[in-house]
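First comes the structure, then the notes that go with it.
The values are calculated or read from the model by the stated rules, or taken from the named source; none is laboratory data. Only a predicted model underlies this, so the values are computations on that prediction, with no experimental measurement involved. Cβ atoms come from the backbone with ideal geometry, glycine included; neighbour counts cover every protein chain shown. Ligands, DNA and RNA are excluded from the accessible area calculation, which covers all protein heavy atoms including side chains. Shrake-Rupley method; radii C 1.70, N 1.55, O 1.52, S 1.80 Å.
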Amino acid sequence: MRPVYLDNNATTRVDPRVVEAMLPFFTEQFGNASSMHSFGSEVGTSLKAARQQIQALLGAAHDHELIFTSGGTESDNAAILSALDTQTGRDEIITSAVEHPAILSLCEYLEKSRGVTVHVIPVDARGLLDIEAYRKALGPKTAVVSMMWANNETGTLFPVEQLAELAHEVGALFHTDAVQAVGKIPIDLKSNTIDMLSLSGHKLHGPKGIGALYVRKGVRFRPLVRGGHQERGRRAGTENTPSIIGLGKAAELALAHMEEEQTRIRALRDRLESGLVQQIGRCFVTGDTRNRLPNTCNIAFEYIEGEAILLLMNKAGIAASSGSACTSGSLEPSHVMRAMKVPYTAAHGSIRFSFSRENDGEDVDRVLDVVPGIIEKLRTLSPFWRKDGEKPAEFNPTYN
Amino acid sequence: MWDYSEKVQEYFYNPKNAGVLENADGVGDVGAISCGDALRLMIKVDPETEIITDARFQTFGCGSAIASSSALTELIIGKTITEALAITNQDIADFLGGLPPEKMHCSVMGYEALHAAVANYRGEEWSDDHEEGALVCKCFGIDEAMIERTIRGNSLTNVEDITHYTKAGGGCNTCVETLEEILARTNAAMVEEGVLDAKAAFVIGARPTPDLKARKEAARPTPAPAPKDSPLAPGAPAPKLTTLQRIRLIEQAIEELRPYLRQDGGDCELVDVDGNTVMVKLTGACIGCQAASVTLQGVQARLMEKVGEPLRVIPVASAH
Ligand SMILES: Cc1ncc(COP(=O)(O)O)c(C=O)c1O
């Protein structure tokens with residue numbers, strides 16, 4: 001049986017058309033764009049074309065506002081560190097409690113090692129940002145605000161365009177980690193004031209290890225990686241040509257499929273979600289259902305644990321992911337679930353299904369067919385589960 | 001993905017002896033839903049021979065927790081209680097063809113559940129020995145006796161393994177120094193008894209692994225240099241509050257947090273304030289789980305916000 005891949009927020013399959021576009025750049029067109037001969041200049045032309053494909057997807061005013069990086073993580077790091085360097089006299093960062101570790105770990109490190117003050121803005125039970133707390137945290141010391149566009153676990157969207165306006169009122173720079181948003185929802189950087197934006201190739205059917213940082217024209221920038229003059233001195237190192245070409249092609253395809261994302265994919269997601277919630281008791285959708293990515297659905301199943309669910313799903317040929325402690329190798333459930341104060345009875349049993357344009361109705365049928373049985377099986381194993389539903393069975397651990 | 005042995009997979013996908021054992025003679029519950037794993041072991045015992053004639057389990061947890069529970073039942077059925085009590089958590093792991101190091105706590109959970117079930121059968125309080133040794137890891141509800149048992153039973157010689165085997169130290173980290181002391185003391189005793197090579201024993205300060213130091217640093221309450229303009233910076237002119245005003249503010253903040261704690265089935269009570277140290281008692285589902293570390297962090301952040309001074313919130317053990 002064909003496996004059902006519903007973990008596209010983790011990574012996507014590289015589109016065969018992307019692979020095809022990349023291949024010549026390993027063989028015939030192997031040149032270095034910096035070289036003073038035709039091997040190099042042809043490559044230079046292709047890199048520019050890739051830049052323009054991404055420019056189109058983001059609705060950016062200029063192609064030179066893009067800096068190619070090794071991925072979302074590097075883009076996030078480069079953005080924050082540059083902002084701290086260029087915003088003299090300001091040493092505070094504002095971010096949210098549900099950011100990707102690419103932002104949160106960096107902030108934690110900067111707090112410890114550089115004495116930077118980090119304001120981590122909480123979210124409510126639906127994952128919506130506490131705007132009041134955000135307003136209060138903004139001030140003359142704020143160097144940069146970094147707020148993700150779409151959350152990787154729940155798909156919940158932040159109103160980044162408005163958040164950027166508020167940041168500018170106090171003279172702060174605004175960065176958004178749009179790794180999960182790019183290619184899934186329309187973005188038009190010409191019509192907003194976002195200063196910096198991170199994206200990653202492997203989330204939109206492009207290669208892994210390639211990404212870009214958008215830096216609005218006029219925003220001062222300090223490179224993270226220093227060396228040669230590539231990327232106009234903003235990111236040193238010989239360009240990863242095949243991957244950049246692949247990212248460009250992936251961006252072009254994402255733009256072409258944008259409509260489908262909003263319609264067909266959204267419909268698949270909605271059918272899966274309502275199907276599961278109707279068939280299975282004691283579960284609920286986490287995040288803001290009215291305001292999220294069209295491809296993502298995160299359901300918390302009470303009284304069972306996520307890793308066990310994933311293992312059984314994997315056995316049935318279905319791939320998804322979980323915010324449970326066990327799957328991460330840490331002893332605590334996902335920081336996103338905790339930030340939304342999802343009760344512990346359910347946080348350990350949260351499962352994320354994330355679609356892409358490669359999924360179809362058959363995939364949804366398979367999930368609706370298999371998952372209710374898996375949940376049932378694990379619940380009968382669970383000491384907390386009661387068939388009659390409402391109250392969990394009494395459980396008396398011997399310590400305390 | 002975890003590197004689970006064939007046997008772990010087999011016992012997870014098709015667990016033996018799962019479900020409720022009606023009219024069980026002994027029941028042992030360990031863990032908590034908030035901790036991410038919990039096990040109820042039910043046993044039937046022949047009163048004449050003390051042979052465990054049947055055993056069943058119910059487990060909330062990951063693949064290896066379910067497999068370990070099932071393996072435990074297979075290991076004990078047909079054995080006398082005395083024989084069963086000789087089974088170690090390592091025996092459970094071995095039966096399964098090994099467990100990933102981070103998952104060893106699943107086998108320890110099985111061991112603990114067995115002892116709890118036997119105590120229950122005998123009408124003893126398994127929790128008795130927990131009382132003299134107060135909780136060491138408040139996040140996961142682990143006491144000194146269990147840590148010592150696990151160190152001895154598995155010849156552990158580093159703190160990280162204690163976390164892998166018991167979860168202790170895996171939450172807020174504040175107990176890492178206590179864990180080191182217990183480890184050093186237990187290892188020293190083991191060397192004396194001739195069950196541990198002196199070269200392998202953990203000695204405080206002798207071989208600080210970099211990893212451990214980093215953890216210790218993270219556990220320290222106040223981070224090094226506070227930024228100049230932070231309201232919490234030592235030099236910043238803080239509005240002077242009277243002790244009574246501070247206590248009122250702290251109580252108010254706890255009151256505001258209460259609905260969230262109740263949502264998770266827990267509660268938090270102010271016990272004492274000593275300078276910048278706020279002592280609280282966590283109750284209900286907050287004890288014995290990493291919910292506690294999250295709760296404490298939350299309480300601490302909220303209190304500092306309210307009082308406008310650096311504070312350290314520490315949990316104190318329940319009065320009993
Ligand atoms: C929101 C978000 N930011 C950043 C990243 C990191 O991107 P990359 O894997 O390209 O470094 C990811 C992907 O895991 C993500 O989901």
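Structural remarks
- If the convex hull is drawn through the Cα atoms of the stretch A:101-207, its volume per residue in Å³: 114
- Interface burial for B against A (accessible surface, 1.4 Å probe, total of both chains, Å², rounded to 100): 4000
- Mean residue ellipticity (222 nm) of the protein assembly as shown, computed from DSSP H runs ≥ 4 via -39,500 (n - 2.57), nearest 500: -12500 deg cm²/dmol
- Here is what passes the span test in chain A: the DSSP H helices with alpha carbon length of 27 Å or more along the helix axis and a Kyte-Doolittle mean of -1.0 or above are A:38-58, A:361-381.
- Principal axis analysis of the Cα atoms in the protein assembly as shown yields extents of 91, 69, 53 Å, listed in decreasing size.
- Solvent-accessible area of residue B:2 with every protein chain in place, 1.4 Å probe, in Å² to the nearest 10: 60
- Of A:208/A:341; A:136/B:281; B:79/B:103; A:377/B:79; B:138/B:281, those spanning more than 21 Å from alpha-carbon to alpha-carbon: A:208/A:341; A:136/B:281; B:79/B:103; A:377/B:79
- Mean per-residue shielding of peptide A:66-72 is 0, counting Cβ atoms of other chains within 10 Å of each Cβ.
- For the stretch A:98-139 and the stretch A:8-75, distance of Cα centres in Å: 32
- Computed with a 1.4 Å probe over protein heavy atoms only, the accessible surface of the protein assembly as shown comes to 41 Å² per residue.
- Antiparallel DSSP beta bridges within the protein assembly as shown, percent to nearest 5: 65
- Cα gyration tensor, the stretch B:6-121 - rounded (a/c under 1.5), prolate or oblate: prolate
- The stretch A:16-256 - percent of accessible surface contributed by carbon and sulfur, probe 1.4 Å: 55
- Heavy atoms of residue A:85 accessible to a 1.4 Å probe, total area in Å² rounded to 10: 70
- List B:203, A:123, ordered by accessible area with a 1.4 Å probe, largest first: B:203, A:123
- The string of couplings for the stretch B:193-202 from the Karplus curve (6.51, -1.76, 1.60, θ = phi - 60°) is 6, x, 9, 9, 5, 4, 5, 8, 5, 7 Hz, one whole number per residue in order, with x for Gly and Pro.
- Relative contact order %, the stretch A:226-325, counting alpha carbon pairs below 8 Å whose residues are six or more apart: 15
- Counting only protein heavy atoms and using a 1.4 Å probe, the accessible area of residue B:94 comes to about 90 Å².
- Largest-first ordering by accessible area, 1.4 Å probe, given options A:30, A:221, A:353: A:30, A:221, A:353
- Relative contact order for the stretch B:135-217, counting Cα pairs under 8 Å that sit 6 or more residues apart, in percent: 28
- Mean Cα-pair separation over length for chain A, i.e. relative contact order, pairs under 8 Å, 6 or more apart, %: 21
- Reference-scaled alpha-carbon Rg (2.2 N^0.38 Å with N residues) for the stretch A:16-256: 1.01
- Burial of 40 Å² or greater, the stretch B:9-40 residues [accessible area, probe 1.4 Å, versus chain by itself]: B:12, B:13, B:29, B:31, B:33, B:40
- Whole-angstrom gap from the stretch A:282-310 to the stretch B:75-116, using each part's C-alpha centre: 34
- Cut-off under 5 Å, modelled amide H: who pairs with residue A:318 long-range: A:4
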